[in-house]
Amino acid sequence: MRNTVFYSYFCIFFAIKIVFHDGYKILGVFPSSSPSHYILGSALLKGLAAKGHKVSAITAFPHNEQIENYEEIPIPKVLESFEDVLKDIEKPGGKSLLQYYNSIMTTGSTLSEKVLEQPIVQRLLTSKNRTFDLIICEIYLNDALYGLGQHFNAPLITLSPMGSSLLSSILSGAPIPPSFVPNILLGSTDRMNFVERALNLAVLTVENIIYQLYWLPYQSKVYNKFFPNAKLTFEEVMMNVSLILLNQHFSISNPEPLLQNMVEVGGLHISRQKQLLPLEIQTFLDKAHDGAIYFSLGTNCKSSGLRMEAIEAMLRVFRSMKQRVLWKYENASLPGKSDNVLIRNWFPQNDILAHPNVKLFITHGGLLSTTEAVYHGKPLLAIPVLMDQFMNVARAVEKGYAIKLSTSQLSSDDIFKRTLTELLTDPKYSSKAKQISASYRDQPLEPLEVAIFWVEYVLRHKGAPQLLSTALNLNFFQYHSLDTIAVVYGSVVLILLLVGFSLKKFVNCIFGCKRISKRKTE
């Protein structure tokens, strides 16, 4: 009996080992014009590779690292088509939010087509030897790329670098009530007054109309062009996204309606293991006895693109301060830089924010940067430039760990220094940052572990159709119950009219009979 039980356990163990020995084959698609999107995506893909899965990544920003089970499929030529647009996006000042949004739309409008026509991608599509068990694709106005799922007969998972939005709502069927879920284009929080709610509704409506009547038909044409023998229609592909990973967490953003196939994994890119800083940076920070400030406008926006009067004003302010400053500045030199300022075109941001002497983060308010600041409990001086940064900053200001400045205000020595001084000397900002940090860190599992669990859940359950909402099968009128409301309320109104008409006739009949009876007695 014991031998039988032992043999059974051995067979089960051996079978599991065989099934999972080589892992699943996973294709990640992160072709957007923003390096930060691939920072997020590669963190997930490398985590999956570490679990034994064979991972390939299509990206315009290859890291060129030698990692076991991980290969990159570089498509840098895609960016050449968008050089002018990218230069426009990278300018931190002088453009309205609407103009930036137009630039992003221009980039995205041909992104899917440019990716799919790359020779290296075409070879992948036509190869008879390449198969994948799962496709993970970023959400970035690239809907036609979702066709890779049906092409390889594999489930499709999407990752939204900007958290929940209209795009994730369309893929999941989740509601986005404009009364308390702000549009990412507006610098609002979930606490909106009447005017903000009205504007939020208007923007959501216009965006939805553009997306449904212009954007999706265009992406459908691209899909049909590159997947002429597709097993599913473009509409069916859009309705069969197994899982949507959201780069957000309710402690940083706001509570909102999410469906079962929408999972918050904000901060999955943050390494929980302390890394050694380069010696020069470590020494610079260790000697910052009065504290240090870290200054970066992210991967798209460049500090060197700021107006010269703003750069000179900030340099004057930094020169007058006792704190040390690490400034991500893209040019090799910065005339007028004082000794307490260290410039580099790249810094290990997460590891710098982890240093105890860093007291303040000057940031553009991107979601990756904001999440890292929250994780390490650092207050923000936020300078939003485009897209969701305005909403991220508005949330940080409302929660009490940030102050917002516009790019035009950077030219004022007085405003800039007064803001820095307030953030550095008033303990309420640091206290709030630590409070939010404690709330964010209080999770049952690390975000990367959560993401990997759900990715493997989809693999184990062959696409996990049980996660999909039937809301995806409803049209606009059915989804919002407009058809049933019209019938039910219409019926009620009709019944009330009939009852009212009948009562009127009954009353008229009674009073008419009384008048007739009265005349007869007279």
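A few remarks follow.
- Which numbered condition residue 313 misses (of (1) closer than 22 Å to residue 381 by Cα; (2) touching a Pro at 6+ places or on another chain (Cβ under 8 Å)): (2)
- Across the range 405-446, the number of residues qualifying as surrounded by 12 or more Cβ atoms within 10 Å (Cβ to Cβ), among the polar types (S, T, N, Q) and over 23 Å from the mean Cα position of the chain (by Cα) comes to 10.
- Matching residues in the range 168-186 - criterion: being closer than 15 Å to residue 216 by Cβ and free of Cβ contacts under 8 Å to residues at least 40 places away in the same chain: 169
- Residue selected from the range 127-154 under the condition among the aromatic types (Phe, Trp, Tyr) and buried (at least 23 other Cβ atoms within 10 Å of the Cβ), by the criterion farthest from residue 222 (Cα to Cα): 140
- Single match in 169, 179 (criterion: polar (S, T, N, Q), in the same structural domain as residue 59 (by TED's automatic domain parsing) and in a helix (DSSP H, G or I)): 169
- Filter result (among the polar types (S, T, N, Q) and surrounded by 15 or more Cβ atoms within 10 Å (Cβ to Cβ)) within the range 49-69: 56, 59, 69
- Meeting the requirement of 1 or more residues that are in contact with a strand residue (DSSP E or B) (Cβ under 8 Å, 6 or more places away or on another chain), under 18 Å from residue 472 (Cα atoms) and assigned by TED's automatic domain parsing to the domain that holds residue 134, the helices (runs of 4 or more DSSP H) wholly within the range 210-290 are 234-238.
- Qualifying residues in the range 364-381 (those that are small (Gly, Ala, Ser) and under 23 Å from residue 426 (Cβ atoms)) - the one modelled with the lowest pLDDT: 365
- Among the candidates 316, 324, the residue that is surrounded by fewer than 18 Cβ atoms within 10 Å (Cβ to Cβ), touching a residue at least 24 places away in the same chain (Cβ under 8 Å) and closer than 17 Å to residue 417 by Cα is uniquely 316.
- Test for residue 153: is it at pLDDT below 90, assigned to a loop (DSSP other than H, G, I, E, B) and of a type outside the set (Gly, Ala, Ser): no
- Among (1) farther than 24 Å from residue 394 by Cβ; (2) part of a loop (DSSP other than H, G, I, E, B); (3) of a type outside the set (A, V, I, L, M) - the single one residue 304 does not satisfy: (2)
- Consider the range 47-81 and keep the residues that are touching a helix residue (DSSP H, G or I) at 6+ places or on another chain (Cβ under 6 Å) and within 23 Å of residue 296 (Cβ to Cβ). The one that is modelled with the highest pLDDT is 59.
- Within the range 365-388, no residue that is closer than 24 Å to residue 311 by Cβ and outside the structural domain of residue 426 (by TED's automatic domain parsing) sits with its Cβ atom under 6 Å from a residue that is modelled with pLDDT under 90 and not aromatic (Phe, Trp, Tyr) at 6+ positions apart or across chains.
- Taking every residue in the range 214-234 that is in contact (Cβ under 8 Å) with a residue 24 or more places away in the chain and within 15 Å of residue 153 (Cα to Cα) and pairing it with any residue that is in a helix (DSSP H, G or I) and among the β-branched types (Val, Ile, Thr), at least 6 positions away or on another chain, the pairs with Cβ-Cβ distances below 8 Å are 230/237.
The values are calculated or read from the model by the stated rules, or taken from the named source; none is laboratory data. Keep in mind it's a predicted model, so treat the numbers as computed, not measured. Here Cβ is always computed from backbone atoms with ideal geometry, including for glycine, and neighbour counts include all displayed protein chains.
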